[in-house]
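Reviewing the structure listed below.
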Amino acid sequence: MKKILVGNVYGITFLIAMLMASAESYAASYYGTGLCAYPQYQCLKVERGQSWATLFPDEQQRDIVQRINRSYNSLWLGKQIAVPRDLENKTMLDFAPFPLQINPEGEQQVIVDQDKLAWGAYDTNGRLIKWGPISSGRDKCPDSNNSCRTMTGIFHFFSKENEKCRSNVFPIGKGGAKMPYCMYFHKGFALHGSEDIPGFRASHGCVRLFTRDALWLNHEFVVTANPKINFLGTKIIVRPINSTTSGKE
């Protein structure tokens, strides 16, 4: 009997150790967690009952912290988020992971960087006017044997829909997944709003955005193809994955 109990204790201890190691590894995959090592950020551990709104009552500051952490998903007990030490009197452009100015190309463009988990919108003068978080395609999907990575390259938006946009494929076999303010750039690949932006690559191939960002891009920035004037649509550059690190500004 004692041997059985001892065996059970060792088994439970081993299981707990494995779960803790798995949790630590999973936590390290979050973009915000990777920023905690940098001196310009402090790492905040969420306590019971805390939310984005209670932690950051100021809407602008809350928006900035969510963008920095590449997530606006609900918080949970023990989750770590990176908070800039000089948050007051800052704007989202102060924390942009893109250059504020690039060589002007005479056309608007959207850049999607999968390493930085971010998109940036540049005007015709090469000026960054807005940026936000993304969640692009994961390496493998649990409901498919195929790679779910996002198509990379230089494309142009050819179609877009409103808040009622839905997937024709996912969930597999049924379709109907919400893709508000979708903007297609290559076959079935699109930028679209989502309530699930977890801080790492998690999609089936599309590029998820904060829904408020998708609305802005859809209504205020992205123009789709117009054959009558020989216009290909707003340019979008989707950069390939070059790094396995979680977070670098």
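The values are calculated or read from the model by the stated rules, or taken from the named source; none is laboratory data. Everything numeric in this text was worked out from a predicted model, so none of it was measured. In this analysis, Cβ positions are derived from the backbone assuming ideal geometry, glycine residues included, and neighbour counts consider all displayed protein chains. For accessibility, only protein heavy atoms count, side chains too; no ligands or nucleic acids. Shrake-Rupley method; radii C 1.70, N 1.55, O 1.52, S 1.80 Å.
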Inside the stretch 71-127, the number of residues satisfying the requirement of being polar (S, T, N, Q), under 29 Å from residue 236 (Cα atoms) and not in a loop (DSSP other than H, G, I, E, B) is 2
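Residue check: is residue 161 over 16 Å from the mean Cα position of the chain (by Cα), acidic (Asp, Glu), within 24 Å of residue 202 (Cβ to Cβ) and open to solvent by 70 Å² or more (accessible area, probe 1.4 Å)?
On the way: over 16 Å from the mean Cα position of the chain (by Cα): yes; acidic (Asp, Glu): yes; within 24 Å of residue 202 (Cβ to Cβ): yes; open to solvent by 70 Å² or more (accessible area, probe 1.4 Å): yes.
Here the answer is yes, as residue 161 does meet what is asked.
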Can you find even one residue in the stretch 142-160 that is modelled with pLDDT under 95 and touching a Phe, Trp or Tyr at 6+ places or on another chain (Cβ under 7 Å)?
-> no
Please state which of the following conditions residue 209 fails to meet, knowing it meets all the rest: (1) open to solvent by 40 Å² or more (accessible area, probe 1.4 Å); (2) touching a strand residue (DSSP E or B) at 6+ places or on another chain (Cβ under 6 Å).
-> (1)
Answer yes or no as to whether residue 41 is within 19 Å of the chain's Cα centre (by Cα), at pLDDT 95 or above and not charged (D, E, K, R).
-> no
Considering the stretch 203-218 alone, what residues qualify as being assigned to a helix (DSSP H, G or I) and of a type in the set (Ser, Thr, Tyr)?
-> 211
Please state which of the following conditions residue 110 fails to meet, knowing it meets all the rest: (1) of a type outside the set (Phe, Trp, Tyr); (2) open to solvent by 40 Å² or more (accessible area, probe 1.4 Å); (3) touching a Ser or Thr at 6+ places or on another chain (Cβ under 7 Å).
-> (2)
